Amino acid sequence: MSWFKEFVTREDWWSVWVGFALLASGFVGAVSSVPGIVPWSSPLSGIPASLILPLVLLMLGVGALTTIAVRTLGDDAGAYARAFPVVFVLATVAFYIAANEVLAAYGLGYALWALALGLIISNLIGTPEWLRPAVRTELFVKTGLVILGAEVIFGKMLELGQYGLIVAWGVTPVVLLSMFWFGSRKLGLSPPLAMVVAAATSVCGVSAAIAAAAACRAKKEELTLAVGMTLIFTVLMMVGMPFVSQALGLDPIIAGAWIGGTVDSTGAVVASGQILGDVAMQTAAVIKMVQNLLIGVMAFGIALYWATRVEPGSGDRPQAVEIWNRFPKFVLGFIGSSVIVSFCLVPLMGADAVDRAIDVTSDYRNWFFCLAFLSIGLESNFRQLGQQMGRGGPLVLYLMGQTFNILLTLLVVWIVFSGLIFPRVQF
């Protein structure tokens, strides 16, 4: 029964189960609407009295589902259940600010305000310890991505995925190997440190850093240093990349693909893409999903290289099953929800009925993303991260590697998505 245990003790799988449960509630008609903050110009009109009970019921429903997940994962479900209402209220505040008609006219959406609110709390007063059990960035963003899969028609995802292979699988190995060579040969860093920094920069941030650290037997201090740098610059890039894209006049698909290929974490990619709108966000998410597929392959390749070239004879050879063990399972939920909607529900229910259901489930998705963006901010204390980041070689390696990554990815994205060489993708 070890296979069954994996399905109930891994966060990736629980994001799939929670996402599917919420999708089912929308498609079978059990839930016909999800409450949201209405646009307002005067402060009291944003949350009318009639909206309070639906918001409370939404909080209780989402809280109950995620509490079950947290309990099954072996964490303190009581602490999570006590803290979650506060996180939900903060997410509601972010939606409330974003619903202001003046701010909305400038394109300042909930993603930016949720992130800003979390950063203000974390860096000015500090995130309280009692609140941290409900700061579950990975669970929230992965669940939101599973729900998002239902909105992305599978044929379009395949089309973007083909280009994503060129962007993610073409650029990523070049950046990874270049950074490892430069860090270990030119900057004199230890091979494990150079590899962990390179993996975090080129693949997908913290998850890739952890997988690479395990594969090359990096020290805890080396992993901490790489993660600290990644978290600081992820937040900066998450906010900065959309505005750079706008300044360059990039098409939303090109901008989304650029963000998906360069910003270091899945949650940050979605938040950054959302600033530019749904098209950019969906494109960024698909590109990042394709890049995430490399985690298992990358970890296996690093382990094999270390066992045969760097430290031959120091341990057992890695097995191919490691690719599956490190594979991000929530990607299967994203693909699965797209397949089910595209090939089962559209023929069965009709396109109009599916569109009405997606109107409901997309609101679920927005709430989970808002909770995730808020959590990113609550987890990002720049003073602590600055102390972890250190100085010298690792910082130089990250800055040079990320600059190379940004420029190379932009070039490849423009070649692939501009329509000059390949057929242009349209949402």
* Asked: If a residue has to be among the β-branched types (Val, Ile, Thr) and more than 30 Å from Thr308 (Cβ to Cβ) to count, how many in the range 209-257 make the cut?
  -> 7
* May I ask you to say which residue of Glu159, Glu138, Glu129 is of a type outside the set (Phe, Trp, Tyr), modelled with pLDDT under 80 and out of contact with any Pro (no Cβ under 7 Å at 6 or more places or on another chain)? => Glu159
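For the range 195-209, indicate whether the set of residues that are farther than 22 Å from Ser380 by Cβ, buried (at least 24 other Cβ atoms within 10 Å of the Cβ) and of a type outside the set (Val, Ile, Thr) is non-empty.
Kept after step one, since they are farther than 22 Å from Ser380 by Cβ, are these residues of the range 195-209: 195, 198.
Restricting the remaining residues to those that are buried (at least 24 other Cβ atoms within 10 Å of the Cβ) gives 195, 198.
Next cut, of a type outside the set (Val, Ile, Thr) only: 195, 198.
So far as the range 195-209 goes, yes, one or more of its residues are farther than 22 Å from Ser380 by Cβ, buried (at least 24 other Cβ atoms within 10 Å of the Cβ) and of a type outside the set (Val, Ile, Thr).
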* Which condition does Lys142 not pass, out of (1) part of a helix (DSSP H, G or I); (2) surrounded by fewer than 24 Cβ atoms within 10 Å (Cβ to Cβ); (3) among the charged types (D, E, K, R), if it passes all the others? -> (2)
* **Hits in the range 287-309 - residues which are within 19 Å of Phe368 (Cβ to Cβ) and either modelled with pLDDT under 85 or aromatic (Phe, Trp, Tyr) (or both)** => Met289, Asn292
* Asked: Considering Pro312, Pro328, which residue is farther than 30 Å from Ser32 by Cβ, modelled with pLDDT under 85, over 22 Å from the mean Cα position of the chain (by Cα) and not charged (D, E, K, R)?
  -> Pro312
* Could you pull out every one of the helices (runs of 4 or more DSSP H) wholly within the range 45-106 that has 2 or more residues that are in contact with a Phe, Trp or Tyr (Cβ under 8 Å, 6 or more places away or on another chain) and crowded, with 19+ Cβ neighbours inside 10 Å? => 49-72, 77-98
* To do: Test Val102 against the criterion of being closer than 23 Å to Ala150 by Cα, at pLDDT below 95 and either out of contact with any strand residue (DSSP E or B) (no Cβ under 8 Å at 6 or more places or on another chain) or not hydrophobic (A, V, I, L, M, F, W, C) (or both), and give yes or no.
  => no
* Asked: Is at least one residue of the range 126-139 basic (Lys, Arg), surrounded by 15 or more Cβ atoms within 10 Å (Cβ to Cβ) and either under 30 Å from Thr409 (Cα atoms) or in contact with a Phe, Trp or Tyr (Cβ under 8 Å, 6 or more places away or on another chain) (or both)?
  -> yes
* Does at least one position in the range 107-120 carry a residue that is in a helix (DSSP H, G or I), of a type in the set (Phe, Trp, Tyr), under 20 Å from the mean Cα position of the chain (by Cα) and farther than 30 Å from Ala351 by Cβ? -> yes
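The values are calculated or read from the model by the stated rules, or taken from the named source; none is laboratory data. Please read these numbers as outputs of a predicted model, since none were measured by experiment. All Cβ positions, even for glycine, are placed from backbone atoms using ideal geometry, and neighbour counts span all protein chains on display.
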